[in-house]
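The values are calculated or read from the model by the stated rules, or taken from the named source; none is laboratory data. Every value quoted in this text rests on a predicted model; they were computed, and no experiment measured them. Backbone-built Cβ (ideal geometry, glycine too); neighbour counts: all protein chains shown.
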Amino acid sequence: MDEAIFLPTIVVGLLSVGLYLFTCHKKKRDVDLSILVNVFLCASGIVCGFFLMLATVVPSLKEELETLNLYIFISGMVILVVSIRSIYSEVTRE
């Protein structure tokens, strides 16, 4: 399963980096390496998130994704933080 996640991540990452480099060139900005690395890491998150969502409707895929525990943890953390922030903003709204 690593290759099934790795290859799409490379494709999405290179497309995203290409878009970032094009935008920097068009707006005459310097390329920021931290942004470049973050864009590539986010591409990994996009691909893994897609596969995690797909695994809910394709049962055979669920078994293959057991190695993605980090992304499952991150997804749970994001849902937790967004939910807490939403409740907090609703409760403290005037």
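Quick look at the values:
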item: Residue match in segment 79-88 (condition: surrounded by fewer than 15 Cβ atoms within 10 Å (Cβ to Cβ), at pLDDT 90 or above, over 30 Å from Ala4 (Cα atoms) and of a type in the set (S, T, N, Q)); result: yes
item: Unmet criterion (only one of (1) in contact (Cβ under 8 Å) with a residue 60 or more places away in the chain; (2) outside any helix (DSSP H, G or I); (3) of a type in the set (Val, Ile, Thr)) for Thr67; result: (2)
item: Only one of Val37, Val11, Val31, Val58 that is closer than 21 Å to Ile74 by Cα and either in contact with a helix residue (DSSP H, G or I) (Cβ under 7 Å, 6 or more places away or on another chain) or exposed (fewer than 13 other Cβ atoms within 10 Å of the Cβ) (or both); result: Val37
item: Total residues in segment 1-34, condition of a type in the set (Val, Ile, Thr), touching a residue at least 12 places away in the same chain (Cβ under 8 Å) and over 13 Å from Gly45 (Cα atoms); result: 1
